[in-house]
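Enquirer: Sharing a structure below in structure tokens format, with a few things to ask.
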Amino acid sequence: MVLAPSMKHRNHAFPLSENKHLLRWVDKMAELTKPAAIHWVDGSEEERDRLYAGMIANGTLIKINQKLWIGCYYAGSDAADIAHVEDS
């Protein structure tokens, strides 16, 4: 995907959509969840590479053998984040 020059350095805190229903829903969810930031995804390769690099840096995403599986990664969950079913 080739982006127009204005898209390459856009502020991801501002939406690409003008859909008032979507914008109202995002505002409502932000009010409920109090996120540190909202990132509007544009789907560009540059954005993907930046997100992957951040996840690799913090250990969320692990690049696997690129000779065998080009472009493949392992994404695991923290054991503390997994719901457990307990026997009664």
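The values are calculated or read from the model by the stated rules, or taken from the named source; none is laboratory data. Worth saying up front: this structure is predicted, and the values here are computed from it rather than measured. Cβ sites come from the backbone with ideal geometry, for glycine too, and all protein chains shown count toward neighbours.
Enquirer: Does G59 satisfy the condition of being in contact (Cβ under 8 Å) with a residue 40 or more places away in the chain, exposed (fewer than 11 other Cβ atoms within 10 Å of the Cβ) and in a loop (DSSP other than H, G, I, E, B)?
Expert: No; evaluated as a whole, the condition is false for this residue.
Enquirer: Quick check on this structure: which one of D49, D42, D27 is closer than 21 Å to R10 by Cα, touching a Leu at 6+ places or on another chain (Cβ under 9 Å), free of Cβ contacts under 8 Å to residues at least 40 places away in the same chain and of a type in the set (D, E, K, R)?
Expert: D42
Enquirer: Looking only at residues in segment 62-88 that are among the small types (G, A, S) and in a helix (DSSP H, G or I), which one is modelled with the highest pLDDT?
Expert: The residue in question is A80.
Enquirer: Which of the residues belonging to segment 18-49 are in a loop (DSSP other than H, G, I, E, B), acidic (D, E) and either more than 29 Å from G71 (Cβ to Cβ) or touching a helix residue (DSSP H, G or I) at 6+ places or on another chain (Cβ under 6 Å) (or both)?
Expert: E18 - this is the single residue of segment 18-49 that is in a loop (DSSP other than H, G, I, E, B), acidic (D, E) and either more than 29 Å from G71 (Cβ to Cβ) or touching a helix residue (DSSP H, G or I) at 6+ places or on another chain (Cβ under 6 Å) (or both).
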